[in-house]
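Undergrad: For reference, the structure I am asking about is given below.
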Amino acid sequence: MAAAGGAPGGGARASVQPGLEGAAVPLGAARAGACAALLAAVGGARGGARKRLVLDPALSGPLALVAPIAALKGRGVAELFHLEDAGGAGPPEPGTATVFLLRATPQNMLALAAQVRALNAAGGPPREVTLLLVPRRTLLCEKVLEREGVLGSVGLGEYMLDMVPFEDDVVSTEAEGVFASPDVDCGLGGLHQTATALARLQAFSAQTPAVMSKGPGATAVVDMALRMLAEGQFGGAGTAHAAGRGGAGGAGARGGGGADLLFGGDFTSAVLADNPPYRIDRVIVLDREVDPVTPFCTQLTYEGLIDEVYGIQNGIVELGAQETGGSQGGGQPRVRRAPMNSSDGLFRELRDMNFAVVGKVLQEKARTVKEGYKGLDQSSISNMKDFVKKLNRLPEMQKHTEIAERLTTLTTGGRFLARLRHEQALLDCQGVEAACEYAEELMFLHGEELGSVLKLLCLVCATAGGIPKRQYEALKRAVCQCYGFEHVPALDALHTAGYLRRHDARSPYPALRKALRLVVEDLDDENPDDCAYAFSGYAPISCRLVEWGLSPKGWQGLSPAVEEALKGLPGPLRHLSPEEVRRRVGDPEGGRKGRQGGKAAPVSLVVLLGGATFAEINALRFLKQRMGREIVVLTTKLVNGKTLLAPLLDVPKVAV
């Protein structure tokens, strides 16, 4: 089977699906539903039992967390390519159906059109081509295909992938284009995608929740989700059926004049309906615009720091020669793809800790293994068996020890510590000019990558309301001199999005810092008593709002000082009681269609629009332990400061 290197199952170590058995809501059912929908969509494509599957590279990672390669093989997938590689693979064999699974972007449509024209020009019998757009079919994509003259040659459909479980308490909609400002990209498709996931989870809950939201995007998502529930879009979820565009979260594959076949959300709804009931008693929806500070701070938990240094992509990191021991043939550095999710038992223990204590924990575990070997009673089979079980974790211990050694070298280096000092000064509402000067030093003296420099400047803007005018113009010139004038459109996009701007207004951050107690002194990293441990003294605004939301009165118990400080953030502050939610969805009696929660523990669903950082998730797990409540995070994307900015930096560059 030909496989794309980054596709599900391709490569030496593909994404390892995390175990979801302990999830507070049935995320395993959501994964099973998404997998069933994908297999039905691919297996039902016309043109032959043998399939060639062509993937958008950005989808291969999330799909690996949903559908194993063996399942795709079972549905006839014999060839698997990324979109940019499929053109050079030649036409498929006779009797092979070609299925494209692509994000709904104009760039993908142009690449698809070129390949379809090449297939048509190859001669031979007509070849069936099916296009499944993720997450929805759009008019823009249809118009591009029509303009390119291939719309009639393609069976057009959609595959709604709106819930990708990354952990048993983290699920992502993998929505693109959910940014802070509608002037850059309104992200309405991503908001609708998230609202669909939220409404579907709530539709099969045995309890009507209180719903809290802050931010313009959060308001829109809540309103859309309540409207979907009021319209009963999930009441008849069962199997795929002919329902056109109206099916909630469905996916149509429109062939030459046939009925629409739905693949997507309805499969997930069917599996959720058959699972034991669960109880979501609180929903807290926050827009990234409410907390623009946190993504641009350096994450200091073990998981967050690994993401900062290596980049965790779909539960996988690529380790270089330092962590894998040398080079491969030809002198090339050896690169190994290693799982970095709960499938790694040791990582599950370490991920939420502040990195300052990880070395001590690893040393203690190594000492325990050594002492166990010294005291081993080799005459006892059961003792030897227990010791061998401990030895099975040695590869994990070696991997994390090597990673920790590299991170220790990095975090004790002068440049890392200097950056942390500037970040902490900004969080203390000081050091704006010094941080701008340090950004110039990073560019001219250290050759720092552009994304890292912009991350620091965006933190200046988020905490201080912008960069002083004189320094703003100087920094723009410095960026053009160091990285090229072709980056001018990217700087304009960052300005339009509100991430990078000259100082023109007072920032709400100082008032929030005081009212929400965002900066905490004298934290014990080893035994923290505040979620601020995740950033060594800074508590994310998002986590503080969740902490208030989990209190007995929710946001109705906010102090006047906090309410006044929150007025400086965009969007209304809303707290809908369960009675108000029932009234809006047309269920005034609260009878959840016969579903009873039984002894299921209540779950708080935290929805973070515009992305969530790993350190935020670590901090929310801390709140879960401290407050004794189940918390599940639903987000549009797992991000850090650089990946949050990456789509804006990828705007078309000017020719110079």
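Undergrad: Scan segment 289-301 and report the pairs whose first residue is touching a residue at least 12 places away in the same chain (Cβ under 8 Å) and open to solvent by 10 Å² or more (accessible area, probe 1.4 Å) and whose second residue is in a loop (DSSP other than H, G, I, E, B) and hydrophobic (A, V, I, L, M, F, W, C), with Cβ atoms within less than 7 Å and a gap of 6+ or a chain change.
TA: Short answer, once both residue conditions are applied: GLU289/ALA180; PRO292/ALA180.
Undergrad: Among the residues of segment 341-380, write down those that are modelled with pLDDT of 90 or more and among the basic types (Lys, Arg).
TA: ARG348, ARG351, LYS360
Undergrad: OK, next. Any residue in segment 145-157 that is open to solvent by less than 10 Å² (accessible area, probe 1.4 Å) sitting within a Cβ distance under 8 Å of a residue that is among the acidic types (Asp, Glu)? List the pairs, counting only those 6 or more apart or interchain.
TA: Cβ pairs passing all conditions: LEU156/GLU142; GLY157/ASP260.
Undergrad: So, one more: I want to confirm something. Restricting to segment 73-86 and keeping residues that are among the aliphatic types (A, V, I, L, M) and at pLDDT 90 or above, which single residue is surrounded by the fewest Cβ atoms within 10 Å (Cβ to Cβ)? Walk me through it before giving the result.
TA: Residues of segment 73-86 among the aliphatic types (A, V, I, L, M): 77-78, 80, 83, 86.
Now drop any that are not at pLDDT 90 or above, which leaves 77-78, 80, 83.
On the way: VAL77: 24, ALA78: 16, LEU80: 25, LEU83: 22.
Filtering first and then ranking leaves ALA78.
Undergrad: Separate question: Can you list the helices (runs of 4 or more DSSP H) lying wholly within segment 438-545 that have 2 or more residues being touching a strand residue (DSSP E or B) at 6+ places or on another chain (Cβ under 9 Å)? Before you say what the answer is, go through the steps one by one.
TA: Numbers: elements: 450-464, 469-483, 488-497, 509-515.
Helices (runs of 4 or more DSSP H) meeting the threshold: 450-464, 469-483.
Undergrad: How many residues does segment 94-104 contain that are of a type outside the set (Val, Ile, Thr), modelled with pLDDT of 85 or more and under 18 Å from ALA121 (Cα atoms)?
TA: Initially, segment 94-104 is screened for residues of a type outside the set (Val, Ile, Thr), giving 94-95, 97, 100-104.
Keeping just the survivors that are modelled with pLDDT of 85 or more gives 97, 100-104.
Within this subset, residues satisfying the condition of being under 18 Å from ALA121 (Cα atoms) are 97.
Total meeting the criteria: 1.
The rows are residues; the columns are (1) at positive phi; (2) without any contact (Cβ under 8 Å) to a residue 60 or more places away in the chain; (3) crowded, with 21+ Cβ neighbours inside 10 Å.
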{"site": "ARG517", "(1), (2), (3)": "yes, yes, no"}
{"site": "VAL520", "(1), (2), (3)": "no, yes, no"}
{"site": "ASN527", "(1), (2), (3)": "no, yes, no"}
{"site": "GLY537", "(1), (2), (3)": "yes, no, no"}
{"site": "ILE541", "(1), (2), (3)": "no, no, yes"}
{"site": "GLY549", "(1), (2), (3)": "no, no, yes"}
{"site": "GLY554", "(1), (2), (3)": "yes, no, no"}
{"site": "PRO560", "(1), (2), (3)": "no, yes, no"}
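Undergrad: Restricting to segment 105-131, count the residues that are touching a strand residue (DSSP E or B) at 6+ places or on another chain (Cβ under 7 Å), at pLDDT below 85 and either on the phi > 0 side of the Ramachandran plot or assigned to a helix (DSSP H, G or I) (or both).
TA: Total satisfying the criteria: 0.
Undergrad: Taking segment 390-428, which residues are touching a residue at least 60 places away in the same chain (Cβ under 8 Å) and outside any helix (DSSP H, G or I)?
TA: If the condition is that a residue be touching a residue at least 60 places away in the same chain (Cβ under 8 Å) and outside any helix (DSSP H, G or I), then ASP428 is the only one that fits.
Undergrad: For segment 154-168, give me the residue count where each residue is assigned to a loop (DSSP other than H, G, I, E, B) and over 19 Å from the mean Cα position of the chain (by Cα).
TA: Within segment 154-168, the first condition is being assigned to a loop (DSSP other than H, G, I, E, B), and the residues that meet it are 154, 159-163, 168.
Imposing the further condition that a residue be over 19 Å from the mean Cα position of the chain (by Cα) reduces the set to 154.
Matching residues across segment 154-168 total 1.
Undergrad: Still on this model: Residue by residue through segment 22-37, note down the ones that are assigned to a helix (DSSP H, G or I) and more than 20 Å from the chain's Cα centre (by Cα). Write out each step before concluding.
TA: Start the filter on segment 22-37 by keeping residues that are assigned to a helix (DSSP H, G or I), which leaves 27-37.
Correct list: ALA36, ALA37.
Undergrad: I would also like to ask the following. Could you identify the single residue in ALA97, ALA37, ALA45 that is closer than 28 Å to ALA203 by Cβ and surrounded by 21 or more Cβ atoms within 10 Å (Cβ to Cβ)?
TA: Numbers: ALA97 fails: closer than 28 Å to ALA203 by Cβ; ALA45 fails: closer than 28 Å to ALA203 by Cβ.
Every option except ALA37 fails the conditions.
The values are calculated or read from the model by the stated rules, or taken from the named source; none is laboratory data. Everything numeric in this text was worked out from a predicted model, so none of it was measured. Cβ: placed from backbone, ideal geometry, glycine included. Neighbour counts: every protein chain shown. SASA here: full protein model, heavy atoms, side chains in, ligands and nucleic acids out. Shrake-Rupley method; radii C 1.70, N 1.55, O 1.52, S 1.80 Å.
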